[in-house]
Amino acid sequence: MTNKTVFVATCDLAAQVRGRAVPASRLEQTLRTGVGWVPANLALSCFGALTPDNLFGSVGDLRLLPDPDAALDISDDGEIPGTRVYLADQTDLDGRPWAGCPRNFLTRALDDLFAATGLRVHASFEHEFMLGGQADHPPFSFQRLRAAEPFGTELVSALEAAGLEPESWLPEYGSGQFEITLRPAPGMVSADRAILMRELVRDLARRRGLPVTFVPIADPADVGNGVHVHFSLSDADGRPVMFDADAPGRLSSLAARFAGGILRHAPAVVAVTAPNPSSYLRLTPHRWSAGGAFLADRNREALLRIAPTVQIGDADPSRQLHLEYRAADATANPWLVLGVLIRAGLAGLADGEPARVWPETATEADLAAEPSLPTGLAEALDALESDEVARGWFPDELLSTFLAVRRAELAAVSGLPEIELCRKVARVY
Ligand code: GLU
Ligand code: MG
């Protein structure tokens, strides 16, 4: 490795990637025993303040144990040295998983899903973000794409070189907005890639002097920056189980039950996937974010959208059909996001009530009776806390710290006008 340093990191409850660098010469030892970490760091808010009266205080020690497969090489550019970032599990000093670790939350959700059903998840996180510092060219235009060069091509090339499998890179609708999509990957890999991809975008933009932000919404008058989570289920032999040509929306009854769990626990799930006060300025109708807690065929206002399949040539729809969860944003930790979707889906499989599938022709009037999403973070966090089933998905220290951190962030922006709130959050993300 030509890098002089290696950065070992976690992604925390505020979706911040925090950790420590070691000299590259210590890589072997670091992969074996990790680097030191402090339990109270879990209680850091997105604004950098330690949540007072957190469970951990000044005592305790952890290790950040890197996953050798969850790495991203950031190349040097002649002036700024490169480095390698490893995502890590937080463990006790003996290597046992720490209950507060968000990555372990996803590991356990994936394991429990497989143990209970023999199913595996593949997923992909689709991200929107806004680049500043350039003229505002038209939505979706070639002009906007080219104005963002060489950043765009550097991003796509770096993602390919790092094996993150970029799928498309496009100028989006909002002002200075872009979107990047990655190929589907096994559950943990998809969440790791989401975390690493955000950091790569920020790193490349910083080098080019371009302000960049994944804020859920930069201006309440504009559209938001979504993180849409595409996911599918397959059996132990890798066969897709979500497709049924004869069912409404071609969604198998198993997939409709899985979706039913997500809809039934939507307020609690949304608290985790849209965990910032600004998230709720984005999650309002007519922004194509998510206008209500319903499942619909190819409808961009749905919380759960049945994504289209391509029938050109002899492409097999059963291998393409999947669900897209639209109410996440980049203030959420991808490990927790995928973890709660799996937990809610598992609850749906257990209680057996399939979600109603709205056809593409459903009108706004048809959908009006469907439950709305929480209208603010305080309401969402209360819903999470009072959903007995959802509470059971989390180790106590993880849930109580999550609630405390997110409530502290809410208090920190109390009374701010909406646009000031968006600006403050944009500076962090
Ligand atoms: N910007 C929309 C959001 O906040 C998504 C638009 C789209 O790509 O469908 O989720
Ligand atoms: Mg988009």
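Where a number appears in this text, it was derived from the coordinates with a stated rule and is not lab data. Because the structure is a prediction, the values reported are computed rather than measured. When we count neighbours, we look across all protein chains shown, and the Cβ atoms used for this are built from the backbone with ideal geometry, even at glycine.
Spin-label model, A307/E165: points 7 Å from Cα along the beta carbon direction are separated by 1.1 nm. Taking θ as phi - 60° and the Karplus parameters 6.51, -1.76 and 1.60, the scalar couplings of the range 60-70 work out to x, 9, 10, 10, 9, 9, x, 8, x, 8, 10 Hz in sequence order, x denoting glycine and proline.
Between the C-alpha center of the range 330-375 and that of the range 47-82 there is a gap of 32 Å. Alpha-carbon geometry of the range 142-294: the Rg and the Dmax are 17.7, 53 Å, given in that order. Among the DSSP helices (H) of the chain, those spanning at least 20 angstrom by Cα along their long axis with an average Kyte-Doolittle hydropathy of -1.0 or more are 102-117, 187-207, 334-351, 396-412; this is a geometric and hydropathy rule only.
The simple spin-label model puts a point 7 Å past each Cα toward its Cβ; for K4 and F140 those points are separated by 4.8 nm. What does the charge count near L410 come to, summing +1 for each Lys or Arg and -1 for each Asp or Glu among other residues with Cβ under 12 Å from its Cβ? Once positives and negatives cancel, what remains is -1.
Restricting the count to DSSP beta bridges whose residues both fall in the chain, what percent are antiparallel, rounded to a multiple of 5? Percentage antiparallel, nearest 5: 85.
Karplus-derived 3J(HN,Hα) values for the range 34-49, using 6.51 cos²θ - 1.76 cosθ + 1.60 with θ = phi - 60°, are x, 10, x, 8, 10, x, 5, 4, 5, 9, 7, 8, 5, 8, x, 8 Hz; glycine and proline are entered as x.
Label positions at A236 and D61, each projected 7 Å from the Cα along the C-beta direction, are separated by 4.2 nm. Positive contributions from Lys and Arg (+1) and negative ones from Asp and Glu (-1), summed over other residues with Cβ under 13 Å from the Cβ of R298, come out at 0. Whole-Hz Karplus values for the range 357-367 come out as 9, 7, x, 4, 7, 4, 9, 4, 5, 4, 7 Hz, taken residue by residue from phi with 6.51 cos²θ - 1.76 cosθ + 1.60 and θ = phi - 60°; glycine and proline positions read x. Taking the inverse of the mean reciprocal distance over all distinct Cα pairs, the Kirkwood hydrodynamic radius of the chain comes to 22.0 Å.
About its Cα centre, the chain has a charge dipole of approximately 700 debye under the convention of +1 per Lys or Arg Cβ and -1 per Asp or Glu Cβ, with nothing else charged.
Taking Cβ atoms as reference points and 15 Å as the exclusive limit, the residues near E385 contribute a net charge of -3, counting Lys and Arg as +1 and Asp and Glu as -1.
Beta bridges from DSSP with both residues in the range 1-124: antiparallel share about 85 percent, rounded to the nearest 5. Estimated translational diffusion coefficient (Stokes-Einstein, Kirkwood radius over Cα pairs, 37 °C, 0.692 mPa s) of the range 64-124: 236 µm² per second.
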